[in-house]
Amino acid sequence: MNNKTNAPTGGRDYRETLVLPKTDFPMRAGLPKREPEWIARWQQLDIYVEIRKNSKGREKFSYHDGPPYANGHVHLGTALNKILKDFVVRSHQMMGYDASFVPGWDCHGLPIEWKVEEGYRKKGKAKDDVPINEFRAECRAYAAHWLDVQREEFKRLGVFADWDNPYTTMAYSSEARIASEFLKFAEAGKLYRGSKPVMWSPVEQTALAEAEVEYADHVSTTIWVRFAVQGGVHDGASVLIWTTTPWTIPANRAVSYSKKIPYGLYEVTAIDDSEFTPWSVVGEKLIVADSLWDDVAKTAKISDATRLGDVDPTGLICAHPFTGEGYDFDVPLLEGDHVTEEAGTGFVHTAPGHGAEDYDVWLANGYRDIPETVGPDGVYYDHVPLFAGLDIIRTTGKKTGQDGKANAAVLAKLTETGALLARGRITHSYPHSWRSKAPVIFRNTPQWFIPMEDDKGAEGLRGKALAALKETEFFPPRGANRIGAMVADRPDWLISRQRAWGVPLTLFVRQGTGEYLQNREVNARIIAAIEAEGADAWVAENAQERFLKGLVDDWETYEKITDILDVWFDSGCSHAFTLEDREDQQWPADVYLEGSDQHRGWFQSSLLESCGTRGRAPYNKVVTHGFIMAEDGRKMSKSLGNTMVPEDVARQYGIEILRLWTASSDYQEDLRIGDEILKTAADSYRKIRNTLRYLLGALAEYEPGEEMDVANLPSLERLILHRLVELDEQVKTGYRNFDYKGVFGAIFTFCNADLSQLFFDIRKDSLYCDPLNEPRRKAALYVMDKVFHSVVRWLAPTLPFTTEETWLNRFPSETDSVHLHDFSKVDASWSDPELAGHWAAIRKVRKVVLGALEVERREKRMGSSLQSAPIVSLAGADDLASIAKMAEGDTEQFFADVCITSGMVLQTGSGNSQGFLLEDVPGVSVEPVMAEGVKCARSWKMFDPTTADPAYPDITPRDARAVIEWDAANG
RNA sequence: AGGCCGGUAGCUCAGCUGGUUAGAGCGCGCCCCUGAUAAGGGCGAGGUCGGAAGUUCAAGUCUUCUUCGGCCUACCA
């Protein structure tokens with residue numbers, strides 16, 4: 001070891017004469033505690049409003065917030081969503097736009113109804129006993145409560161938005177606008193009434209959602225029924241179906257089959273008559289799936305049969321079992337994916353009014369009319385032949401929920417006509433109403449639809465929507481595919497719901513005809529009333545008289561529709577009542593950003609609504625993010641015990657870590673999160689924080705003066721400025737393309753590779769030891785100041801807390817904020833690719849030098865690199881030329897500084913056999929020679945003592961100048 | 001079950017239209033520094049690119065199959 005210095009024993013301690021980093025910016029952030037303080041400060045500054053004021057006159061960047069549902073706490077998924085939106089808005093704001101963020105909430109809908117109803121049930125009250133507008137008022141209060149909760153939780157995420165003036169779908173103005181958007185469809189005639197089977201409880205006479213039913217065992221009567229084939233080669237044979245709901249036979253209109261199932265034609269040759277007389281007869285021909293024949297035969301007591309051949313059911317036409325008695329229509333065979341070989345006969349009895357799949361198959365084959373057979377009370381309508389007035393399920397009395405008269409009557413009739421092959425009973429899981437516990441039925445109910453197509457083909461809504469998607473840019477691009485396929489395939493838009501909490505379909509229908517009133521004056525009245533009183537104005541008792549009387553002569557012949565709009569229609573109108581109706585907004589939006597599930601949701605409903613009313617999408621770009629999963633890559637769920645909530649993260653790590661994690665992850669895929677992952681993010685955070693801290697420490701007493709002539713700066717400083725230009729491009733492109741990990745990665749790499757490892761490390765000597773006004777030192781500080789402004793502001797959209805702390809640490813102020821500034825201007829003329837090329841060569845050679853020194857360390861021959869003065873042999877001329885070109889003054893001295901050694905010998909040639917080589921850096925050989933001379937007591941560099949200032953024999957002449965300067969200043 | 005998508009080192013990510021020994025940062029191990037110090041610098045160990053088959057002179061990159069996972073297919077939002 002060579003540690004002797006030139007200092008006499010007891011020599012001066014020069015430490016105080018150094019300019020060491022000076023900052024009170026703590027290394028540890030204490031985020032969980034500090035973050036709420038920053039939020040309080042921003043609130044006090046009213047910073048969102050302040051930013052808006054400062055942005056007057058700028059070009060608007062139109063971001064439109066997708067509304068979360070006002071129910072429950074914010075979870076990590078919602079947090080990710082809002083944080084990404086915050087990135088979008090903040091980055092565009094700082095790129096020079098006026099980027100507002102109007103947060104929204106979706107307030108209507110079933111889940112809120114449930115919760116309110118649940119409250120009733122706890123108090124022993126029934127929903128039906130409460131006047132509807134009273135019930136709606138409670139829903140409104142419930143939504144308002146959760147909106148407040150979520151608003152506070154969102155604020156805690158550091159999101160800047162107009163929290164005091166959000167949009168909500170339940171605001172009167174929104175409800176009025178939703179109704180008026182709906183009426184646009186009505187006025188244009190782009191609305192029709194159809195019907196669709198839904199789960200229906202005859203006891204409560206109401207539609208039920210999946211979540212409102214509970215499954216319980218139920219004993220059903222099962223029947224095997226023959227459908228006689230009409231004409232063709234199989235005339236006289238029967239297609240056999242099986243069903244657990246005999247009462248749906250009167251509604252039968254088709255039989256479904258599958259192309260994947262092999263069917264056979266069987267002739268019964270013997271029957272088993274041991275117990276009672278079966279309904280099967282010898283000689284009859286049955287068409288059944290081959291795989292199920294044995295089961296069928298057993299059930300029907302068929303002891304022997306002959307398979308006559310294959311059957312392709314395509315195109316077969318059957319007769320209804322009750323043909324000749326009011327059921328005189330063809331029953332076609334239809335192909336359907338839902339048909340399986342799991343149970344039954346391989347054929348599915350299809351009643352389009354009583355099953356979702358039945359309905360789909362029926363429509364898919366071009367049929368439009370859905371027979372209506374059962375009324376709201378679960379009783380056959382009067383027009384149903386043979387069975388009018390019979391009930392499916394008993395709705396009153398002790399036997400409520402048990403079979404009514406329908407099943408038995410149908411069974412009897414099937415027996416009478418000879419269509420019944422067999423019957424049985426089955427216990428299976430069946431949906432029941434969670435209120436009455438009675439079984440529910442599928443029943444088609446009148447519904448309102450917006451058609452996807454009209455007579456004019458491409459002019460239809462589907463055509464417009466598909467065309468609009470072509471004009472939309474998707475991030476990631478695959479989103480276009482996904483929503484495109486959905487729009488291309490989707491059925492007509494069903495917009496009516498038999499619910500209470502929502503915006504009503506403000507439609508009057510002429511009794512008995514289904515024809516709806518199209519009257520602009522009436523509509524204007526309705527909209528004005530909702531604007532003033534909310535949608536309750538429609539729901540109230542007197543609506544019909546109030547809106548029609550005086551404008552429509554025969555107003556009493558119209559009835560009010562009591563359905564509400566699908567909540568997707570509500571949020572699909574948000575562009576109208578937010579982007580169009582608010583002063584601070586602009587239609588269309590530049591960006592919509594939501595989870596990928598919204599391809600079917602908000603992206604689509606907004607698209608359809610806007611295309612239907614305005615002919616184009618309400619957005620130019622659509623950004624989607626994936627879903628949050630637990631660390632093991634599985635969905636978070638309470639049952640798996642792998643959940644994590646934003647509050648946990650805020651308390652343990654700080655929201656800033658969650659934001660950094662968001663910025664460094666590929667949010668377009670599904671994201672994993674957990675403690676290990678957040679720890680990684682926390683490590684990255686520390687690295688960034690220390691870089692900022694070092695800048696603050698170095699710049700503590702730096703007063704930005706006049707601009708320097710960049711051409712005269714040392715090449716290292718010019719390299720860093722060049723990198724700033726590169727970064728500027730990367731960062732802005734990244735922010736424009738919503739590529740946050742690209743932005744963060746670039747900045748992070750810059751902090752590590754360019755600043756910490758190179759710039760700061762090399763310039764430490766100059767910053768600490770040079771006389772204050774040494775040009776080299778001033779140049780370094782000048783560039784560090786530029787770096788500070790660039791990096792801090794580039795990071796501001798992602799790390800708003802830490803950048804604010806950094807900013808105010810350097811520029812203390814009661815009113816300023818980094819978030820009131822734009823990205824720092826980077827001078828494009830700093831770009832110097834040629835210089836960067838030379839520096840790439842220098843760094844390559846440097847790497848070999850560092851490698852050589854490492855060997856010495858390992859051998860304990862050396863500690864600090866300043867103890868060495870290596871001999872570097874360069875085989876090629878290019879590397880040496882690069883070093884010489886980048887050097888200011890002495891080339892060897894320059895390269896010694898770069899390698900942080902006390903001396904350096906540069907020579908051409910391949911060096912001697914002792915030289916250290918790196919495989920991937922050919923032509924560079926390094927001899928790690930120890931430096932001569934003595935160790936400077938101040939800068940710790942080895943130097944030739946004969947060159948020392950006699951007054952300061954123990955330090956280098958440069959250090960002597962600095963000490964003289966310091967002594968003069970500090971007496 | 002169908003539609004769409006994904007699986008590259010312990011972690012987060014690069015790897016463009018197929019082309020030299022698959023990269024970076026963090027973490028980990030070791031070393032140095034002790035004037036960024038619960039910091040800074042350096043070196044190093046980690047990957048059969050989910051698995052299988054195929055196309056090709058050549059595949060992480062193309063095709064097929066398979067496995068695991070996610071979203072969607074609700075009068076849920």
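The values are calculated or read from the model by the stated rules, or taken from the named source; none is laboratory data. These numbers were taken from a predicted model, which means no experiment stands behind them. Cβ: placed from backbone, ideal geometry, glycine included. Neighbour counts: every protein chain shown. Side chains are part of the model used for accessible areas, which takes the heavy atoms of the whole protein and leaves out ligands, DNA and RNA. Shrake-Rupley method; radii C 1.70, N 1.55, O 1.52, S 1.80 Å.
Residues that are within 21 Å of A:VAL855 (Cα to Cα), part of a loop (DSSP other than H, G, I, E, B) and hydrophobic (A, V, I, L, M, F, W, C) within segment A:887-938 comprise A:ILE900, A:MET904, A:VAL929, A:ALA931, listed in sequence order. When the residues of segment A:469-502 are filtered to those that are part of a loop (DSSP other than H, G, I, E, B), open to solvent by less than 50 Å² (accessible area, probe 1.4 Å) and more than 12 Å from RNA strand B (Cβ to nearest atom), which remaining residue is farthest from A:ASP590 (Cα to Cα)? Per the stated criteria, the residue is A:ASP492.
Scanning segment A:606-629 for residues that are assigned to a helix (DSSP H, G or I) and within 16 Å of RNA strand B (Cβ to nearest atom) yields a count of 4. Answer yes if at least one residue in segment A:191-214 is assigned to a loop (DSSP other than H, G, I, E, B), open to solvent by 60 Å² or more (accessible area, probe 1.4 Å), more than 23 Å from A:LEU110 (Cα to Cα) and at pLDDT 80 or above, and no otherwise. No, because not a single residue in segment A:191-214 is assigned to a loop (DSSP other than H, G, I, E, B), open to solvent by 60 Å² or more (accessible area, probe 1.4 Å), more than 23 Å from A:LEU110 (Cα to Cα) and at pLDDT 80 or above. Open to solvent by 40 Å² or more (accessible area, probe 1.4 Å) and either more than 21 Å from A:GLU541 (Cβ to Cβ) or touching a His at 6+ places or on another chain (Cβ under 6 Å) (or both): is that true of A:ALA161 in this structure? No, not satisfied.
Is it true that some residue in segment A:656-667 is touching a His at 6+ places or on another chain (Cβ under 8 Å) and near RNA strand B (Cβ under 10 Å from one of its atoms)?
yes
Of the residues making up segment A:289-334, those that are more than 30 Å from A:HIS383 (Cβ to Cβ), part of a strand (DSSP E or B) and open to solvent by less than 60 Å² (accessible area, probe 1.4 Å) number 5. Within segment A:834-852, the only residue that satisfies the criterion of being near RNA strand B (Cβ under 7 Å from one of its atoms) and open to solvent by less than 60 Å² (accessible area, probe 1.4 Å) is A:GLY851.
Residues in segment A:546-605 that are part of a helix (DSSP H, G or I), within 16 Å of RNA strand B (Cβ to nearest atom) and more than 22 Å from the chain's Cα centre (by Cα): A:PHE577 alone. For segment A:695-728, the set of residues classified as open to solvent by 60 Å² or more (accessible area, probe 1.4 Å), over 23 Å from A:VAL19 (Cβ atoms) and within 16 Å of RNA strand B (Cβ to nearest atom) consists of A:GLU726 only. Scanning segment A:939-967 for residues that are open to solvent by less than 10 Å² (accessible area, probe 1.4 Å), closer than 24 Å to A:GLY863 by Cα and part of a helix (DSSP H, G or I) yields a single hit, A:ASP959.
Taken over segment A:503-514, the criterion of being out of contact with any Asp or Glu (no Cβ under 6 Å at 6 or more places or on another chain) and either within 12 Å of RNA strand B (Cβ to nearest atom) or assigned to a loop (DSSP other than H, G, I, E, B) (or both) is satisfied by A:THR506, A:LEU507, A:GLY512, A:THR513, A:GLY514. Here A:GLU117 fulfils each of the conditions (1) within 27 Å of A:ALA40 (Cα to Cα); (2) touching a Lys or Arg at 6+ places or on another chain (Cβ under 6 Å) apart from (1). Evaluate segment A:582-597: report whether one residue or more is open to solvent by less than 10 Å² (accessible area, probe 1.4 Å) and either without any contact (Cβ under 8 Å) to a residue 60 or more places away in the chain or aromatic (Phe, Trp, Tyr) (or both). Within segment A:582-597, one or more residues are open to solvent by less than 10 Å² (accessible area, probe 1.4 Å) and either without any contact (Cβ under 8 Å) to a residue 60 or more places away in the chain or aromatic (Phe, Trp, Tyr) (or both). The set of residues in segment A:473-509 being in contact with a Phe, Trp or Tyr (Cβ under 7 Å, 6 or more places away or on another chain) and closer than 30 Å to A:ILE132 by Cα consists of A:ASP492, A:TRP493, A:LEU494, A:ILE495, A:SER496, A:ALA500, A:PRO504, A:LEU505, A:THR506, A:LEU507, A:PHE508, A:VAL509.
For segment A:853-886, which positions are assigned to a strand (DSSP E or B), within 16 Å of A:VAL924 (Cα to Cα) and within 13 Å of RNA strand B (Cβ to nearest atom)?
none
Return yes or no: is A:ALA500 under 20 Å from A:ALA171 (Cβ atoms) and among the small types (Gly, Ala, Ser)? Yes; evaluated as a whole, the condition is true for this residue. The residues of segment A:775-804 that are open to solvent by 10 Å² or more (accessible area, probe 1.4 Å) and closer than 19 Å to A:TYR48 by Cβ amount to a single one, A:ARG793. Test A:VAL339 against the stated conditions and say whether it is at pLDDT below 75 and surrounded by 23 or more Cβ atoms within 10 Å (Cβ to Cβ). Yes, satisfied.
Just one residue in the set A:ASP785, A:ASP761 is within 16 Å of RNA strand B (Cβ to nearest atom) and either charged (D, E, K, R) or under 30 Å from A:GLU669 (Cβ atoms) (or both); that residue is A:ASP761. For segment A:598-616, the set of residues classified as of a type in the set (Val, Ile, Thr) and touching a Cys at 6+ places or on another chain (Cβ under 8 Å) is empty.
Those helices (runs of 4 or more DSSP H) of segment A:4-98 in which 1 or more residues are modelled with pLDDT of 95 or more and more than 27 Å from A:ARG651 (Cβ to Cβ) occupy A:47-54, A:76-94. From the list A:THR749, A:THR680, which residue is near RNA strand B (Cβ under 8 Å from one of its atoms), farther than 27 Å from A:ALA840 by Cβ, open to solvent by 10 Å² or more (accessible area, probe 1.4 Å) and among the hydroxyl-bearing types (Ser, Thr, Tyr)? Result of the check over A:THR749, A:THR680: A:THR680.
Being modelled with pLDDT of 90 or more, in contact with an Asp or Glu (Cβ under 6 Å, 6 or more places away or on another chain) and assigned to a helix (DSSP H, G or I) narrows it down to one of A:ARG723, A:ARG763, so name that one.
It is A:ARG723.
Within the option set A:VAL213, A:VAL239, A:VAL281, A:VAL288, being of a type in the set (A, V, I, L, M) and closer than 24 Å to A:ARG394 by Cβ holds for one residue only, A:VAL213.
Only one entry of A:VAL159, A:VAL219 meets the criterion of being β-branched (Val, Ile, Thr), touching a Lys or Arg at 6+ places or on another chain (Cβ under 7 Å) and not in a strand (DSSP E or B), and that entry is A:VAL159.
Can you confirm whether A:ALA663 is small (Gly, Ala, Ser), without any contact (Cβ under 8 Å) to a residue 40 or more places away in the chain and assigned to a helix (DSSP H, G or I)? Criteria not met by A:ALA663. A:THR427 meets all of the listed conditions (1) of a type in the set (S, T, N, Q); (2) in contact with a Pro (Cβ under 8 Å, 6 or more places away or on another chain); (3) modelled with pLDDT under 75 but one, namely (2).
All of (1) open to solvent by less than 50 Å² (accessible area, probe 1.4 Å); (2) more than 12 Å from A:LEU80 (Cβ to Cβ); (3) within 10 Å of RNA strand B (Cβ to nearest atom) hold for A:ALA650 with one exception: (3).
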